[in-house]
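Have a look at the structure below, then the notes.
The values are calculated or read from the model by the stated rules, or taken from the named source; none is laboratory data. Not measured: the values here are computed from a predicted model. Neighbour counts are summed over all protein chains in view; Cβ atoms, including those assigned to glycine, are modelled from backbone coordinates with ideal geometry. To get the accessible areas, we keep the full protein, side chains included, count just its heavy atoms, and leave off ligands, DNA and RNA. Shrake-Rupley method; radii C 1.70, N 1.55, O 1.52, S 1.80 Å.
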Amino acid sequence: MKIYETGPAPNPRRVRIFAAEKGITDIEYIQLDLKKGENLTPEHKARNPLTKVPVLELDDGTCISETIAICRYFEETVPEPSLMGETAIEKATIEMWQRWCDFYFMLPVGMCFQHSTGYFADRMTPVKEWGDESGKNAAKFMAFLNQHLESNDYIAGDKFTVADITAVCALDFARVVGLRPSEDQTHLLRWHKQVSARPSMSA
Ligand SMILES: N[C@@H](CCC(=O)N[C@@H](CS)C(=O)NCC(=O)O)C(=O)O
């Protein structure tokens, strides 16, 4: 199978970490330069009409877009170790946290990046105020996570899950727009150090 992706971008990184945690190695990674618009070509549009990365292409030609849909495919095909939960309660709790980390952290960090740097000004209209507001919203979520991690080892409880992967990729990418945990966010910093030590993080 192949994954069309971009090394430094945060969503493809989530997929690489997820695959590494599962021990999945039979993937050919194909780099697309987003800045040059290599994701906007007819070839890539045929894989993902919305033109984003990552895209997983299976050997039969099936293309799956959306980070979490790709992770779901890996979770179903390689169930161990489970990163999306086993019982009904675990699955629902992990999904709740995963969505919170996606919608209230990864997305605002991405919006802050796109709207304050103008990186994709060739294909969208950057709105500086929206970039600033998104940065503030991401910072609020970091404060919320810090509080939550005071009494939880990991984001969704006592096990490392896909929610940790989303949160760590959002947090690491947030540095690009100057957003970092403050020194007094000790629980967030403890968690970040703990998850960053996993071998999968360098994938
Ligand atoms: N919801 C999508 C978001 C994908 C996304 O926004 N990918 C970015 C890179 S992190 C991208 O392809 N940007 C290129 C562009 O907007 O032209 C997912 O989770 O996969």
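The solvent-accessible area of Thr125, taken with every protein chain present and a 1.4 Å probe, is close to 110 Å². The slack in the chain from Ala197 to Val176, taken as 0.36 nm per residue of separation less the alpha-carbon distance, amounts to 5.5 nm.
Modelled spin labels at Glu183 and Lys2, positioned 7 Å past Cα toward Cβ, are 5.0 nm from each other. For the chain, the residue among Ile24, Thr87, Tyr154 whose Cα projects farthest onto the positive side of the dipole built from Cβ charges is Tyr154. Under 19 Å from a point 7 Å along the Cα-to-Cβ line of Lys140: which residues of the stretch 88-106 have their amide N that close? What the label zone holds, given the 19 Å backbone N cut-off, is 97-106. The Cα atoms of the stretch 125-177 define a convex hull whose projected area, averaged across directions, is 4.2 nm².
Remark: the stretch 2-77 is approximated by an ellipsoid whose semi-axes, taken from the C-alpha gyration tensor as √(5λ), come to 20, 14, 10 Å, largest first.
Normalising the average separation of contacting C-alpha pairs (under 8 angstrom, six or more residues apart) by the number of residues puts the relative contact order of the stretch 53-96 at 22 percent.
Size check on the stretch 88-198: the Cα extents along the three principal axes, sorted descending, read 43, 34, 23 Å. Tell me, what is the percent relative contact order of the stretch 2-77, built from C-alpha pairs under 8 Å that lie six or more residues apart? Averaging sequence separation for qualifying contacts and normalising by length gives 36 percent for the stretch 2-77. For the chain, the C-alpha radius of gyration sits at 1.02 times the compact-globule guess of 2.2 N^0.38 Å, with N the residue count.
As a fraction of the 1.4 Å probe accessible area of the stretch 2-77, surface on carbon and sulfur atoms comes out at 53 percent.
For the chain, relative contact order (Cα pairs under 8 Å, six or more residues apart, normalised by length) works out to 22 percent. For the stretch 1-20, the residues whose backbone nitrogen is under 13 Å from a point 7 Å from the Cα of Glu43, taken along Cα to Cβ, are 4-5.
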